[in-house]
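In what follows, a structure is listed as structure tokens, so that the remarks can point back to it.
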Amino acid sequence: MKIATVEAIPDSIPYVHALHLASGAVHEADHVLVRITTDEGVVGTADTPPRPCTYGETQKSIVAVVEDVFAPQLVGLDVLDREKVQAVPARTVHNQTAKGAVGFALWGVIGQFLGQPVTRLPGGFTDSMRVSHMPGFKPAAELSVDADRGWSANEAMEVLRRTADLGLQSLEEPDDAREVLGRRRLVEHSTIPIAADESAPNLGEAAKEILTGGANLLAVKAARSGFTEAAKIVSTVDSVVFGAAPAHTSKRAGEPSNFLDMADDLLAEPVVIAGGRIRVPEVPGAGTAVDEDKLAHYRTDR
């Protein structure tokens, strides 16, 4: 089964509640839908958020690298030749979310071809995962903090001192990881795990953060690294189906809940959160079938 087409479609859906990050507020979910179709008509899709202040990518850059760089090299390859297929985006530096979307869409195709939910392919440890959400919208139980690199190491130390009695689970990206000595001191003295996210976008950076003492917890995002790279990161130390697959990642709540603050989505079947958990789709593939009418309405390239 060979890859016939690779598309990258920009779309924009407004947030009902603005997404507030250290870099500013986001009012529109300006994403890119990556769609891979095979010569047998099997379709795999992935939705990826550019977030230029976080990942350094834009809608235009993702569309350009997927359609101008990746697509010409991917078309004609057999989807089951995974190493050969993964070597294509790996030859291009950076562009992590674009690579992740291509990888996720390909796993969706493979899952459908094998007649299996994608979560079973990298592990299949459990059939659901716990969900976390930004506080302020729902009552909070377990609490973690994500500073989005908004503080210095000294400021983060003061925050930890003042919140010592709140039972925080972890502190994600408290400062710029390039503040190496301050970050290392923070990790050494913190009583809760310090998580690397933007500072560990791939296997190499994740290993460096752990080995140099820049973090003792990793935020693994399949949307950024793709299934294949994410699995390597986990085994060395992308999303509901990946988070529920290995035992290690299923122990902590994931962050696939930003869609709750969006006015709409592109899915043909809505995602349901019940009892603080999202169940893994039981259909072959990733369970991300797109509503074509919604896509036509929200796409921005027409």
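The values are calculated or read from the model by the stated rules, or taken from the named source; none is laboratory data. Computed from a prediction, not measured in an experiment: that's the story for all the values here. Reconstructed Cβ throughout: ideal geometry from the backbone, glycine too, with neighbour counts over all protein chains shown. Ligands, DNA and RNA are stripped out before the accessible areas are found, and what is left, the full protein with its side chains, is counted by its heavy atoms. Shrake-Rupley method; radii C 1.70, N 1.55, O 1.52, S 1.80 Å.
Observations on the structure shown:
- Pairs with Cβ under 9 Å, 6+ apart, first in region 196-210 and within 19 Å of GLY103 (Cβ to Cβ) and open to solvent by less than 20 Å² (accessible area, probe 1.4 Å), second aliphatic (A, V, I, L, M) and in a helix (DSSP H, G or I): ALA200/ALA206; ALA200/ALA207; ALA200/ILE210; ALA200/ILE233; ALA206/ILE233
- Listed conditions (1) among the charged types (D, E, K, R); (2) open to solvent by 30 Å² or more (accessible area, probe 1.4 Å); (3) not in a loop (DSSP other than H, G, I, E, B) are all met by ARG178, apart from (3).
- Pair list, Cβ under 8 Å, 6 or more apart: region 72-85 residue under 13 Å from ILE110 (Cβ atoms), other residue polar (S, T, N, Q) and open to solvent by less than 40 Å² (accessible area, probe 1.4 Å): VAL79/THR38; ARG82/THR228
- Just one of the listed residues (ASP81, ASP47, ASP68) is of a type in the set (D, E, K, R) and within 20 Å of ALA268 (Cβ to Cβ), namely ASP47.
- Residue in region 56-77 that is under 15 Å from GLU229 (Cβ atoms) and modelled with pLDDT under 95 present: no
- Condition met for ASP264 (under 20 Å from the mean Cα position of the chain (by Cα), at pLDDT 80 or above and of a type outside the set (A, V, I, L, M, F, W, C)): yes
- Tallying residues that are touching a strand residue (DSSP E or B) at 6+ places or on another chain (Cβ under 9 Å) and surrounded by 16 or more Cβ atoms within 10 Å (Cβ to Cβ) within region 78-110 yields 15.
- So PHE113, is it among the aromatic types (Phe, Trp, Tyr) and open to solvent by less than 10 Å² (accessible area, probe 1.4 Å): no
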